[in-house]
Amino acid sequence: MRRLWRPPLRGGVHVCGCGHSGTSILTRLVGAHPRIHAIAGETGVAKKERYGRYREAIERFWQECEAAGADLWVEKTPKHVRHLGFILDAAPASRILLICRHPLDTVASLKRRYGRLGKGLRRWKQDNGRVLRWRSHPRVLLVRYEQLVQHPQACLEEVMGFLGVGFDERQLSYHQQPVQWYGDRTPEQGPPAGLSHLEHRNEQINLPLFDNSGSYGRHLDAAQIARVRRSCSRLASALGYSL
């Protein structure tokens, strides 16, 4: 069926990649810029690939952005990495920030969430296969989690240059202005005895930046580490990671 022509939309910034790779903290850092408005939570606006739904959503984003006195909005939905063709077709001037992380750390974190190693492995390979496919697109910038947490200013200077907005030192002190993006508790309430997944994520994005690289050894045993290495080595190498 021939598709009807649709006017190109005014896009913003989408942060995506495999879950548990640092999409939230990257969005938090970018959104701490005084000229950029961060959309709270995960919007999922492109997951159904419906032009009308997407148009209405980003119109709301621009309204929020203008009400906040900002010039640009940023939203994050990790699984949008599976819908980049749709986003760039609907809003060709959109900018995409892809983030990737070492497979052992990412899969270990996903295993803790899902309770199953295999599901985490499949997600890492599926989503990072798309990262590899899109990383050279002119509207896409690939960010490595390790670079972000170990050299945050240098990494953010590159990111902000890509977005056409200069780096602002206030971005590195984002945690001094707590936000409530996930869960029901406000940052001032502090963590309860047992955090839900969403509450844990909200706690993390209100902490000062920390490096969680190499933490997989606390969550994977030797057999599981060997399985990740066997399964992910080729894709990991293509993304610049050594297993």
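The values are calculated or read from the model by the stated rules, or taken from the named source; none is laboratory data. Owing to the predicted nature of the structure, the values given are computational and were not obtained by experimental measurement. Using ideal geometry, Cβ is built from the backbone for each residue, glycine included, and neighbour counts are taken over all protein chains shown. Keep in mind that these areas ignore ligands, DNA and RNA; they rest on the heavy atoms of the full protein, side chains included. Shrake-Rupley method; radii C 1.70, N 1.55, O 1.52, S 1.80 Å.
Tabulated results
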read-out	value
Segment Glu56-His219, length gained on full extension (0.36 nm per residue, minus Cα span)	54.5 nm
The chain, helix-only ellipticity at 222 nm - DSSP H runs n ≥ 4, -39,500 (n - 2.57), divided by all residues, nearest 500	-13500 deg cm²/dmol
Protein accessible area in the chain, 1.4 Å probe - carbon and sulfur %	47
Label-point separation in nm, Asp211 to Phe162, each point 7 Å along Cα→Cβ	2.1
For the chain, built as a Gaussian network whose Cα springs stay under 10 Å, the top-fluctuating residue of Ala222, Ala68, Ala154	Ala222
Where chymotrypsin sites (Phe, Trp or Tyr not before Pro) in DSSP loops with at most 16 other Cβ within 10 Å are excluded, longest remaining stretch of the chain	6-209
Segment Arg229-Lys48, extension gain: residue separation times 0.36 nm, minus the distance between their alpha carbons	61.8 nm
Label-point separation in nm, Gln153 to His137, each point 7 Å along Cα→Cβ	3.3
Amide H partners (placed H, <5 Å) of Val45, local residues excluded	none
Solvent-accessible surface (1.4 angstrom probe) belonging to Arg229, in square angstrom, nearest 10	100
List Val15, Val179, ordered by accessible area with a 1.4 Å probe, largest first	Val179, Val15
Long-range HN-HN contacts of Ile36 with modeled amide H, under 5 Å	Asp71
Within a Gaussian network of the chain (alpha carbon springs, distance under 10 Å), most fluctuating of Ala226, Ala108, Ala91	Ala226
Reachable lysines, given that their alpha-carbon falls under 21 Å from the alpha-carbon of Lys111 and they are not under 8 places away in the same chain	Lys79, Lys119, Lys125
In Å², nearest 10: area of Ile25 left accessible to a 1.4 Å probe	30
Inter-label distance, nm, simple model (7 Å from Cα along the C-beta direction), Gln204/Arg113	0.7
Largest to smallest accessible area among Glu203, Glu75, Glu49 [probe 1.4 Å]	Glu49, Glu203, Glu75
Amide H partners (placed H, <5 Å) of Val15, local residues excluded	Glu75, Lys76, Thr77, Leu97
Residue with peak Gaussian network fluctuation, the chain [Cα springs, cutoff 10 Å], from Ala57, Ala40, Ala67	Ala67
Convex hull (Cα only) mean projected area of the chain, reported in nm² to one decimal	14.2
R0 of 25 Å, Cβ-Cβ distance His175-Glu64: FRET efficiency to nearest 0.05	0.70
Average accessible area per residue (Å²) across the chain - probe 1.4 Å, nucleic acids and ligands excluded	49
